[in-house]
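The values are calculated or read from the model by the stated rules, or taken from the named source; none is laboratory data. On a predicted model such as this, the values are computed, not experimentally measured, just so you know. So basically every Cβ, Gly included, is an ideal-geometry build from the backbone, and we count neighbours across all protein chains shown.
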Amino acid sequence: MNLLSVTSVLLSILSFLNTTELSTGNPQILNLISPQWDKEIITLAEQLPIQTDGRIKPLSTHARFLLLRLSGKTSIKTSDGKRLSPTEWFLNSLFYPNIAKQYPVFIVHDQSVIENLGLQGHEKKRDRYAYNEIRPAREELMSQAQRYSQIPPAQRTHIQEQILNLADNFLTFEEIIGYLDFTRFRYPIESNTLFTQFFPDKKEVLLSEIVEIFPEIKKKLKDISQSMNEEQIKESLTSIKQLLSEVSRLVHNAEHFTVIPPSEPSTKEWQSPLNAVINVFDPSIETVPDISLFSLFNKLEQTKDNKEQFKKHLTQLVQEITQKANKRGEGGKINLEVRYYKGNFLFYSQWIFFLALIITAIWWLFINNKLLKFSVFSVNSVAVLLLIFAITLRCIIRGRPPVTTLYETILFSTATAVLLAFIIERLMKDNIALSLASFLGLLGLFIANRYEMKEGTDTMPSLVAVLDSNFWLTIHVTTIVIGYGAGLLASAFGHVWILGKLLRVKKNDKDFYKQLSRGIYGIICFCFLFSFIGTVLGGIWALESWGRFWGWDPKENGALLIVLWCLIIIHAHLGRIINRLGEALGSIILGVIVSFSWWGVNLLGVGLHSYGFTRGAWNSLLSFWIIETLFLLSGIYIALSERKQNTNTIQ
Amino acid sequence: MKKVLHFLGSYKLSVVILFFLMVIVFFGTLAQTEHGIYEIQKKYFESIFVLHWIGDYIPLPLPGGGLLMILLLINLFIGGVLLAPKSIKRPGMLVAHGGVILLILGGFWGEFWGDYGQISLFEGETKNTFEDSRKWEIYIWKLDNEKRNPIEEWIIPQEHFSKVHGAIRKSFYSNEFPFEITLMRFMKNAKPRFTIPGVEQGLQGVLLEPVSPEREEEQNLAGVYVEVSTKEQHHLGMLWAGEKQPWVFEIGDDLYCMGIRHKRMKLPFSVKLEKFVKEFYPRTNKPRFFASEVICTTKDGEQRTVIRMNEPLRFKGFTLYQASWGTKTDAPSEPVFSVLAVSQNPAEQVPLYSCVIISIGLLLHFSQKLIRFLKSSKGA
């Protein structure tokens, strides 16, 4: 009998089995109060390098986006009033699953989702639910999810989509709480003659104990198998089969992330702690695998209630994994990434822009006050510098140019718009561009934040093959996004023009509107320059990678629309076909086109640029377009009333 | 005459053309949620006129992309070059407009004189043709009587039979083949089915019926009915792209066969796939890279190259790109084939040159403007 074949068959069968019942530690002690982790422990845990979503990242990043995906927030408030950071929550879920099961972690946007499962919903329509609340309807949830997954995404109802999400999140959470099951698993050996030889005084043993001793068991089996009769062989094989089926279940549970860097440099996939020692059960392999990291995980579980011991083991674990990773040339940016998220630069930048907005408002009351103007400029500068600093850190962490994802397009175009506003202020000195800077910065960062919250996925993901070219990413994507930023700034100028006319601000100051118009036209030219060059460069990249310069793909068409509209305004201006009002309205339409090209085409969900697809932004986009339509209508109103005024004056 | 010239080169005309171009691009983009890109391209972007339907009830006649491009070219040439002020102080715009003309001309050139297609290769396989999976052709082979290998080939390209449907039939002759071929009822996408006995007539109980075209042009399976006749003999046949075996018939003592397949084009060299590598990001199904190691052989020798994403191979006027890969079935151990996109476009680099020219022109113009602006504001 070949034990290897037994192992592999069992492993393959069992890895497909869904283990619905998870053993989650000693049920006899239900310590339901959230543990208080030491600050040092949290800091250490944050820096643990793990591999997930195809890249090496700190545990804290993973925990952050996971919590965001599950709960829609980056922290969680427990029933005992504590506020947990993502890493604390993750640690609790790993080490104290029974406590974590009570945390209201699953966001449900509509309580009818819960009622559909036959459960009692909370009072609030949109609320967060705990694992234990949903657990009774697990089967119903899974069977509904199974049914809805057959329906094409476009045809699913809102509720069906949410049930699918909930099921997905629920299973993910089970993966985390079951991750360390292998450290808690106790194998009963009382009636097992093979194992009782090795553990004479015990009724059950920990898996780690078996792993330690298994090389000897293998050796012993080999030695005595010659002298065993068929009955004995059968008995020992049955006991090993039983053990292996348990082990496969535990391996399957520990799939959520991998954390052990393989010693083989060419192997890209890291391993889970149990998988790293799985060879110990293979009878054909005689070398004893390195079980030190596996043992450390076991020690962590055993000493979790002893702060000092736990800290000691965690320190050792983080150090050893970091060293192993660094030796492979991986995980070098882990600490930087931890610091990036801890620094919260974008959050601060957003609030400083807000402060700048308030100062701007005050400045408008005392427009000639130079000190106030200087403060507006300085506070805006601090905010934009923070933003640029954050973008730079992201570039360093990923080794990529500034824009590679939809999220980063928001950051970069915001920075562009604000800097461009500074430049225009310098050129025109009419206080308008500077006044707009804080508003644009605030708006951009607000949208970035909302987008990150809504998507709930890592904003520094690994890039699909076609994007893997820093050269083209730099020259094409960056140029296009500068174009977006300029388009939005032009649109902001257009709004000022319309609002000014509507509210009759400076109605006798013809120079004001003349200057404003010059600004609009100048920015549109700038937007055109970058959009055009960016679009053609995109075509040349497409030629290099897809074999055609232009394919009428939605994203390409979107960029072309911006170029064409800029060209229309420029030529209409040169041919004196439109007046200043026309240009102001034109710049507002430019904003609408930019939003369509930037977000709208991604929502269509077709085409080759599928790496930029997003969902659920329709509502925001539609509201934006409705508001812009109102502005355009007010433009017509202004035109009509000005004409009336002119006729009156002539008469 | 001067008035006409001024109108053709006017800003007004530019604005109108650009506006309609925008409308066409916008509708053509939205329509992609329902139709395949190839169909959209033909209908909106390469056409003379378009009838766009807003919803299901409101028809909106519009000038097509092809027409607009020609008009734009005329407008550009007259307004941007012929009538433009050619002062040494303002060279930027002249250069930029010239660049745009080059860009559009390059586009037309590539469209009309370029060949595009793809090659699918398993490891170890060699081919010297590539296929355009959007076009069809009918092949007729004369077979040798022993080994049944083709000894004579006759190709009828789709352009010659794409209009045979309804009552329209079309006959073809070749000097090398002793019979006449009549094609009828060509279907862009067809499906065979059994006939209802006594009600319908088919060929041996089967008939071909048209089905609505697939979203992706490449997935269509064309079909056509064919009649082969000499003075003495008549054969009625049915060709369908889904059928891998050709239709075999006998004329006199000779064996012939015939079938419909994607348009094939010859390469002036042969390509052998030595090795195909693909790599995913660890524990995900996100491709990290994929690459084909190929050997191109000509009479003069061979060249070994690795083609990967963003790094095509340019060889003897052809460009080979790593496009995708696939397997014939979903079985896990199924061998993988690599798909290389092939293009032969003499104007391939024109966009690059025009981009450089236009950029230079624009930068020149805008920096001149900026300098003038700065000077004037200083003066003020």
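Collect the residues in region B:126-179 that are free of Cβ contacts under 8 Å to residues at least 24 places away in the same chain and of a type in the set (Phe, Trp, Tyr), keeping them in residue-number order. Hits for region B:126-179 are B:Trp154, B:Phe172, B:Tyr173. The residues in region A:88-116 that are more than 24 Å from the chain's Cα centre (by Cα), surrounded by fewer than 20 Cβ atoms within 10 Å (Cβ to Cβ) and assigned to a loop (DSSP other than H, G, I, E, B) can be counted, and the count is 1. For region B:209-225, the candidate set comprises residues that are part of a strand (DSSP E or B) and without any contact (Cβ under 8 Å) to a residue 60 or more places away in the chain; within that set, the residue that is surrounded by the fewest Cβ atoms within 10 Å (Cβ to Cβ) is B:Glu209. Scanning region B:11-24 for residues that are at the interface with another protein chain (Cβ under 7 Å from one of its Cβ atoms) and touching a residue at least 40 places away in the same chain (Cβ under 8 Å) turns up B:Tyr11, B:Ser14, B:Leu18, B:Leu21.
Please specify each residue of region A:493-512 satisfying the condition of being more than 14 Å from chain B (Cβ to nearest Cβ), surrounded by fewer than 24 Cβ atoms within 10 Å (Cβ to Cβ) and in a helix (DSSP H, G or I). Walk me through how you get there before you give the answer.
Taking region A:493-512 first, the residues more than 14 Å from chain B (Cβ to nearest Cβ) are A:493-510, A:512.
This time we only want the ones that are surrounded by fewer than 24 Cβ atoms within 10 Å (Cβ to Cβ), so: A:495-496, A:498-510, A:512.
Those that are more than 14 Å from chain B (Cβ to nearest Cβ), surrounded by fewer than 24 Cβ atoms within 10 Å (Cβ to Cβ) and in a helix (DSSP H, G or I): A:His495, A:Val496, A:Ile498, A:Leu499, A:Gly500, A:Lys501, A:Leu502, A:Lys510, A:Phe512.
Quick check on region B:45-64: of everything there that is within 14 Å of chain A (Cβ to nearest Cβ) and in contact (Cβ under 8 Å) with a residue 40 or more places away in the chain, which residue is nearest to A:Gly575 (Cα to Cα)? Reasoning before the result, please.
Our first condition is that a residue be within 14 Å of chain A (Cβ to nearest Cβ); within region B:45-64, this holds for B:45-47, B:50, B:64.
From the residues that got through so far, the ones that are in contact (Cβ under 8 Å) with a residue 40 or more places away in the chain too are B:46, B:64.
Values: B:Glu46: 29, B:Gly64: 25 Å.
This residue is B:Gly64.
Looking across region A:450-505, the residues that are touching a helix residue (DSSP H, G or I) at 6+ places or on another chain (Cβ under 7 Å) and under 28 Å from A:Ile50 (Cβ atoms) come down to A:Tyr451, A:Glu452, A:Met453, A:Gly456, A:Thr457, A:Asp458, A:Thr459, A:Met460, A:Val464, A:Val466, A:Leu467, A:Leu473. If you go through region B:65-74 one residue at a time, do you hit one that is part of a helix (DSSP H, G or I), under 18 Å from A:His571 (Cβ atoms), among the β-branched types (Val, Ile, Thr) and within 14 Å of chain A (Cβ to nearest Cβ)? For region B:65-74, residues part of a helix (DSSP H, G or I), under 18 Å from A:His571 (Cβ atoms), among the β-branched types (Val, Ile, Thr) and within 14 Å of chain A (Cβ to nearest Cβ): absent.
Give region B:25-44 a look and list any residue that's within 7 Å of chain A (Cβ to nearest Cβ) and out of contact with any strand residue (DSSP E or B) (no Cβ under 9 Å at 6 or more places or on another chain), or say none.
Here is the first cut: in region B:25-44, the ones within 7 Å of chain A (Cβ to nearest Cβ) are B:25-26, B:28-29, B:32-33, B:37, B:40-41.
Of everything in region B:25-44, those that are within 7 Å of chain A (Cβ to nearest Cβ) and out of contact with any strand residue (DSSP E or B) (no Cβ under 9 Å at 6 or more places or on another chain) turn out to be B:Val25, B:Phe26, B:Thr29, B:Gln32, B:Thr33, B:Ile37, B:Ile40, B:Gln41.
Among the residues in region A:471-486, are any at the interface with chain B (Cβ under 10 Å from one of its Cβ atoms) and out of contact with any His (no Cβ under 6 Å at 6 or more places or on another chain)? Looking for residues that are at the interface with chain B (Cβ under 10 Å from one of its Cβ atoms) and out of contact with any His (no Cβ under 6 Å at 6 or more places or on another chain), one finds at least one in region A:471-486, hence yes. The combined condition, being crowded, with 23+ Cβ neighbours inside 10 Å and within 14 Å of A:Leu436 (Cβ to Cβ), is not fulfilled by A:Phe528. Would you pick out the residues in region A:513-541 that are in contact (Cβ under 8 Å) with a residue 60 or more places away in the chain and more than 10 Å from chain B (Cβ to nearest Cβ)? Listed by number, the residues that qualify are A:Tyr513, A:Lys514, A:Gln515, A:Leu516, A:Ser517, A:Gly519, A:Ile520, A:Tyr521, A:Ile523, A:Ile524, A:Cys527, A:Gly538.
Would you point out the residue of region A:549-566, among those that are out of contact with any Phe, Trp or Tyr (no Cβ under 7 Å at 6 or more places or on another chain) and more than 14 Å from B:Phe26 (Cα to Cα), that is nearest to the other protein chains (Cβ to nearest Cβ)? Only one residue fits best here, namely A:Phe549.
Condition check ((1) over 24 Å from the mean Cα position of the chain (by Cα); (2) part of a strand (DSSP E or B)) across all residues:
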{"position": "B:Pro268", "(1), (2)": "no, yes"}
{"position": "B:Val271", "(1), (2)": "no, yes"}
{"position": "B:Glu274", "(1), (2)": "yes, yes"}
{"position": "B:Glu279", "(1), (2)": "yes, yes"}
{"position": "B:Thr284", "(1), (2)": "yes, no"}
{"position": "B:Phe289", "(1), (2)": "yes, yes"}
{"position": "B:Ser292", "(1), (2)": "no, yes"}
{"position": "B:Thr297", "(1), (2)": "yes, yes"}
{"position": "B:Ile307", "(1), (2)": "no, yes"}
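Cβ-Cβ distances below 8 Å connect the following pairs, each with a first residue in region B:188-208 that is acidic (Asp, Glu), a second residue that is in a strand (DSSP E or B) and surrounded by 10 or more Cβ atoms within 10 Å (Cβ to Cβ), and a separation of six or more residues or different chains: B:Glu200/B:Leu207.
Across region A:469-478, not a single residue is classified as crowded, with 21+ Cβ neighbours inside 10 Å and over 20 Å from A:Tyr407 (Cβ atoms). Only residues that are more than 16 Å from A:Asn275 (Cβ to Cβ) and in contact (Cβ under 8 Å) with a residue 12 or more places away in the chain were counted in region A:289-304, giving 5.
If I ask for residues that are more than 10 Å from chain B (Cβ to nearest Cβ), buried (at least 21 other Cβ atoms within 10 Å of the Cβ) and touching a Leu at 6+ places or on another chain (Cβ under 9 Å), which ones from region A:567-586 would you list?
Our first condition is that a residue be more than 10 Å from chain B (Cβ to nearest Cβ); within region A:567-586, this holds for A:579-586.
Next cut, buried (at least 21 other Cβ atoms within 10 Å of the Cβ) only: A:583-586.
Across region A:567-586, the qualifying residues are A:Ala584, A:Leu585.
Would a scan of region A:133-140 turn up a residue that is closer than 16 Å to A:Gln36 by Cα and either outside any helix (DSSP H, G or I) or in contact with a Lys or Arg (Cβ under 9 Å, 6 or more places away or on another chain) (or both)? No, that holds for no residue.
A single member of B:Val356, B:Val342, B:Val350 is surrounded by 20 or more Cβ atoms within 10 Å (Cβ to Cβ), modelled with pLDDT of 85 or more and either within 11 Å of chain A (Cβ to nearest Cβ) or under 23 Å from A:Ala465 (Cα atoms) (or both), and it is B:Val342. Among the conditions (1) modelled with pLDDT of 90 or more; (2) assigned to a helix (DSSP H, G or I), the only one that A:Thr474 does not satisfy is (1). The condition (being away from every other protein chain (no Cβ under 14 Å), surrounded by fewer than 19 Cβ atoms within 10 Å (Cβ to Cβ) and in contact (Cβ under 8 Å) with a residue 40 or more places away in the chain) is satisfied by just one residue among A:Ile362, A:Ile367, A:Ile432: A:Ile367. Which one of these does A:Leu336 not meet: (1) over 30 Å from the mean Cα position of the chain (by Cα); (2) within 29 Å of A:Thr87 (Cβ to Cβ)? Checking A:Leu336 against (1) over 30 Å from the mean Cα position of the chain (by Cα); (2) within 29 Å of A:Thr87 (Cβ to Cβ), the one that fails is (1).
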